[in-house]
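Q: Before anything else, here's the structure in question.
Every number in this text was worked out from the coordinates using simple rules, so none of it is lab data. What you are looking at is a predicted structure, and each value in this text was computed from that prediction instead of being measured. Reconstructed Cβ throughout: ideal geometry from the backbone, glycine too, with neighbour counts over all protein chains shown.
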């Protein structure tokens, strides 16, 4: 399963995993934009299906996960890729949009998919080197909309949360294999056009997807879990991203906000 597969890194990841023989569940908000990706995969001889998923809505996320889990199928790989950047506003449930979509939606999705996640299932979380811009998480601020100039800071917090979640998921579920990663500075539409001139030497989506696909498939990673990677190699994240106390608090608050009565 790949979230955010309609364009950019997500599309490139879904296409490449299909080429490697996976049946791809393309989980996206827009059926209109995602079905053509499914059709392209099938046209190449691959196998794929669309799953409606809006990570800005906890109800939609829970419904999508329950629908898949009810099929009785297992997942070999879950790629938590979808994300927003440079936005303002709140999710349907009242969370700052970056934190709500980039972290909280994926947190709930992963937990609600637990019946489909067996020993050795890989959970790949797409983070960013932008996480180094956040030195902690203000748990009150993630319940308020960011101002017009707060987009990068809020994005950094959400990317920090991605790494903390992957690390703590490895601790809570040692039977899984979890990885967070920096895909590189990729030429996608996640940030507004006005900001793009400031991002030089951008990678193509296909180049950006390489580390995601590597984490999802590399045999040499089969015994590793909870680590952070960049350019298909281990990389040490920031001190905040290695803060076990912060990870524990994030897990507890996220569980409460997602209505997980007995978080695993």
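Q: Which residue, 242, 29, 122, tops the fluctuation ranking in a GNM of the chain built on C-alpha contacts under 10 Å?
A: With Cα springs under 10 Å in the chain, the top fluctuation among 242, 29, 122 is at 242.
Q: Let me ask something else about it. For each of 223, 244, count neighbouring Cβ atoms within 10 Å of the residue's Cβ, then give the residues from fewest to most.
A: Working: 223 7, 244 11.
Taking fewest neighbouring Cβ atoms as first place, the list is 223, 244.
Q: Using a Gaussian network model on the chain with a 10 Å cutoff between Cα atoms, which of 11, 177, 231 fluctuates the most?
A: Of the options given, 231 has the highest mean-square fluctuation.
Q: Right, something else. Pop out the Kirkwood hydrodynamic radius of region 1-105 from its pairwise C-alpha distances, inverse of mean 1/r, in Å to one decimal. Write down the numbers at each step before the final one.
A: Values: mean 1/r = 0.0717 Å⁻¹.
For region 1-105, inverting the mean 1/r across all distinct Cα pairs yields 13.9 Å.
Q: Here's something else I'd like to know. Express in nm, to one decimal, how much length is gained between residue 144 and residue 35 on full extension, taking 0.36 nm for each residue of separation and deducting their alpha carbon distance. Before the final figure, lay out the partial values.
A: On the way: separation 109, 0.36 × 109 = 39.24 nm, distance 3.37 nm.
Additional length available on full extension: 35.9 nm.
Q: Which distance in nm do the two modelled labels at residue 260 and residue 231 give, with both placed 7 Å along the Cα-to-Cβ direction?
A: Placing both labels 7 Å beyond Cα along the Cβ direction yields 3.4 nm.
Q: Under a plain spin-label model, where a point goes 7 Å from the Cα along Cα-to-Cβ, how far apart in nm are residue 132 and residue 206?
A: Label-label distance for residue 132 and residue 206, simple model: 2.9 nm.
Q: What number, rounded to the nearest 500 deg cm²/dmol, is the helix-based mean residue ellipticity at 222 nm of the chain, given -39500 (n - 2.57) per DSSP H run of at least four residues and division by all its residues?
A: On the way: 8 runs with 93 residues, N = 264.
Theoretical 222 nm ellipticity from helices: -11000 deg cm²/dmol.
Q: Quick one: compute the contact order of the chain, relative version, from alpha carbon pairs under 8 angstrom and 6+ residues apart, as a percent. Walk me through the intermediate numbers first.
A: Working: 520 pairs, mean separation 50.5, N = 264.
Relative contact order comes out at 19 percent.
Q: Over the chain, with a Gaussian network built from C-alpha contacts below 10 Å, which listed residue (18, 156, 26) shows the highest mean-square fluctuation?
A: Residue with maximal mean-square fluctuation among 18, 156, 26: 18.
Q: Right, here's the next one. When you count, for each residue, the other Cβ atoms within 10 Å and take the mean per peptide, how do 165-174, 100-109 rank with the highest first?
A: Numbers: 165-174: 19.7, 100-109: 26.9.
In descending order of packing, they fall as 100-109, 165-174.
Q: Averaging sequence separations of C-alpha pairs under 8 Å and six or more residues apart, then dividing by the length of region 1-136, give the relative contact order as a whole percent.
A: On the way: 214 pairs, mean separation 31.6, N = 136.
Once normalised by length, the contact order is 23 percent.
Q: Find how much the distance from residue 73 to residue 52 grows on full extension, using 0.36 nm per residue of separation minus their present alpha carbon separation; answer in nm with one decimal. Don't skip to the end; give the middle numbers.
A: Details: separation 21, 0.36 × 21 = 7.56 nm, distance 1.69 nm.
Using 0.36 nm per residue and subtracting the Cα-Cα distance, I get 5.9 nm.
Q: Using r as the Cβ-Cβ distance of residue 66 and residue 42, and R0 as 30 Å, what FRET efficiency do you calculate, to the nearest 0.05?
A: Numbers: r = 26 Å, r/R0 = 0.85.
E(calc), rounded to 0.05, equals 0.70.
Q: Please order 73, 143 by the number of other Cβ within 10 Å, starting at the fewest.
A: Details: 73 11, 143 15.
Sorted ascending by nearby Cβ count, the order is 73, 143.
Q: Beyond 14 Å, what percent of the Cα pairs of region 206-264 remain? Intermediate values should be presented prior to the final figure.
A: On the way: 1151 of 1711 pairs.
Distances greater than 14 Å cover 67 percent of the Cα pairs.
Q: Could you tell me the center-to-center distance, by alpha carbons, between region 73-103 and region 1-26 in angstrom?
A: Region 73-103 and region 1-26 have Cα centres spaced 17 Å from each other.
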